[in-house]
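Let me begin by presenting the structure, written as structure tokens, before commenting on it.
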Amino acid sequence: MRFAIGSGSKVVVSARSSIHDTRTVWDAVGGTIELDPADPAAGARAEITVDMRRHDAGDFLRNRKVKKDLEVDRYPEARFRLEALDEVVREGGTFRARARGVLEWHGRTVAVEAQGEAEIGGGALRATGRFELDVRTLGVEPPRFFVFKVEEVVAIEVTIAARAP
């Protein structure tokens, strides 16, 4: 079954620092997911894109800082390609699994493993996955906000809302 990713999808990046944590939301998420609802791990594929220019870090100054530090005008799109879905555990109408794939951004490719859960039904798929990422692997220096520096490792949560055509 093929699903188109759309409205309600988002990527939330939480960055820690010694003084103040920051949270940035990207809500321009698209792409496709292909999987068999009866056997999600069998040949599952996904291509997820994120428009990095469409973000909200909470206020004008933070948004400007994120735009500059992450060079979103130069690198406007991040892409995730699912390579495997495994460790699938069904619980009624939902399942938990590990998603393994590659994240492409800033001209780099990084292997990613996310733990998550999904529900499929009525022609819709809703999934959430979480992983941590050292931003330096993408060639990004952790930003500084005023006098404090953000840690190198960020927590990322991806929410996917998709519908079958």
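Descriptive notes on the structure:
- Members of the stretch 45-60 found to be at pLDDT below 95 and either aliphatic (A, V, I, L, M) or surrounded by 15 or more Cβ atoms within 10 Å (Cβ to Cβ) (or both), listed by number: ALA57
- Residue check, GLY101 under 17 Å from the mean Cα position of the chain (by Cα) and more than 23 Å from ASP73 (Cβ to Cβ): yes
- Filtered residues of the stretch 7-43 (kept if surrounded by fewer than 20 Cβ atoms within 10 Å (Cβ to Cβ), small (Gly, Ala, Ser) and more than 17 Å from GLY121 (Cβ to Cβ)): SER7, SER14, SER17, SER18, ALA28, GLY30, ALA41, ALA42, GLY43
- Qualifying positions in the stretch 42-72 - touching a helix residue (DSSP H, G or I) at 6+ places or on another chain (Cβ under 7 Å) and either acidic (Asp, Glu) or not in a strand (DSSP E or B) (or both): ASP56, ALA57
- Leading residue by the ranking (nearest to the chain's Cα centre (by Cα)) among those in the stretch 107-165 that are within 20 Å of ARG96 (Cβ to Cβ) and among the hydroxyl-bearing types (Ser, Thr, Tyr): THR159
- Meets criteria (of a type in the set (A, V, I, L, M, F, W, C) and out of contact with any Ser or Thr (no Cβ under 8 Å at 6 or more places or on another chain)) for LEU103: no
- Qualifying residue in the stretch 31-39 (condition: closer than 25 Å to LYS65 by Cα, of a type in the set (A, V, I, L, M, F, W, C) and out of contact with any His (no Cβ under 9 Å at 6 or more places or on another chain)): no
- Enumeration of residues in the stretch 19-40 that are closer than 20 Å to THR94 by Cα and not in a loop (DSSP other than H, G, I, E, B): THR32, ILE33, GLU34, ASP36, ASP39
The values are calculated or read from the model by the stated rules, or taken from the named source; none is laboratory data. None of the values given here were measured: they were computed from a predicted structure. Note that we place each Cβ from the backbone using ideal geometry, even for glycine, and neighbour counts take in every protein chain shown.
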